[in-house]
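What follows is a set of notes on a single structure, which appears directly below.
The values are calculated or read from the model by the stated rules, or taken from the named source; none is laboratory data. In this text, all values refer to a predicted model and were calculated from it rather than measured experimentally. Backbone-built Cβ (ideal geometry, glycine too); neighbour counts: all protein chains shown. SASA here: full protein model, heavy atoms, side chains in, ligands and nucleic acids out. Shrake-Rupley method; radii C 1.70, N 1.55, O 1.52, S 1.80 Å.
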Amino acid sequence: MLHIVGYFAAIFIGLSLGIMGGGGSILTVPVLVYLMGVSPVLSTAYSLFVVGSTSVVGASGYFRKGLVSLKTAIVFLIPSLLAVFAVRKLLMPAIPHELFTLGSIVFTKDLLVLVAFAVLMVVAATSMIRSKQAEEVLDEELHHKHAFNYPLILGIGLVVGTLTGFVGAGGGFLIIPALVLGARLPMKLAVGTSLAIIALNSLIGFTGDLSAGTPIAWTFLLGFLAFALAGIVLGTYLARFIPGAKLKPAFGWFTLAMGTFILLRELVFTH
């Protein structure tokens, strides 16, 4: 029964990506862990594949419209791809199963990943809840003349690559402000470029798992992806009638509730 709900959740993930252009992928790991019964660490690998593949679909639409800045994407991806591949290939396999004990809580590798992911969900949710105000600030900043900020783009690229590798999320809520403030991109161009970056980051990270010998249940993974892609196709169509900007705060509150639930469940209720 939970698996059926999980496949419907995969459609919802794609739907939100299609309507809002991002954000939905942050639900992939919780859906895989709590509804599909996949271990947290393996879920981050599966999430990279699902997020990367769905982002390719989203980015291709923006690319056809000329809304992807290749120069900015390349500068951002130089440190980001190196970081995400190194984390998946070297760091994740090197982390021991049991890390330390805090009171009655034994911090395992799986628990560390879930807690880190829940914290990321809370931060991303805050960004989505304040999205309108944040976009107004970014638009205002864009009107001030500044040069292309290479150190900012490279630095955020390194941070995003590390985060993407560790928790299997795209990090669009960090990428878009960096592209607007550091590369002076208009919002629509920043969204398209962000999707292209997330697609490459995630899929390169997934190749790190493959080269590290991570076992992949391809039949399950491709089936889950098919539902997510069906959702993004439907979401792209509905985006003509539903303003994604209005949905972001509501989705942000939902993400905040999910992140809080994971923290409480893993750190309080199960101990």
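Here are the numbers for this structure:
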{"item": "Conditions (1) outside any helix (DSSP H, G or I); (2) aliphatic (A, V, I, L, M); (3) more than 25 Å from residue 84 (Cβ to Cβ); (4) at pLDDT below 80: number failed by residue 137", "result": "(1)"}
{"item": "Flag if residue 195 is open to solvent by 60 Å² or more (accessible area, probe 1.4 Å) and modelled with pLDDT of 85 or more", "result": "no"}
{"item": "Where a residue in the stretch 172-190 is over 19 Å from residue 79 (Cβ atoms) and its partner, wherever it lies, is of a type outside the set (A, V, I, L, M) and open to solvent by less than 40 Å² (accessible area, probe 1.4 Å), with Cβ under 6 Å and at least six apart", "result": "189/69"}
{"item": "Lone unmet requirement of (1) touching a Phe, Trp or Tyr at 6+ places or on another chain (Cβ under 7 Å); (2) open to solvent by less than 20 Å² (accessible area, probe 1.4 Å); (3) hydrophobic (A, V, I, L, M, F, W, C) for residue 26", "result": "(1)"}
{"item": "Residues within the stretch 60-83 that are of a type in the set (A, V, I, L, M, F, W, C) and either without any contact (Cβ under 8 Å) to a residue 12 or more places away in the chain or closer than 18 Å to residue 176 by Cβ (or both), tallied", "result": "9"}
{"item": "Residues located in the stretch 72-101, provided they are open to solvent by 50 Å² or more (accessible area, probe 1.4 Å), outside any helix (DSSP H, G or I) and among the β-branched types (Val, Ile, Thr)", "result": "101"}
{"item": "Of residues in the stretch 33-58 being open to solvent by less than 10 Å² (accessible area, probe 1.4 Å) and among the β-branched types (Val, Ile, Thr), the one farthest from residue 91 (Cα to Cα)", "result": "54"}
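Okay, residues lined up against (1) open to solvent by 80 Å² or more (accessible area, probe 1.4 Å); (2) among the β-branched types (Val, Ile, Thr); (3) not in a helix (DSSP H, G or I):
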| position | (1), (2), (3) |
| --- | --- |
| 204 | no, yes, no |
| 214 | no, yes, yes |
| 252 | no, no, no |
| 262 | no, yes, no |
| 265 | yes, no, no |
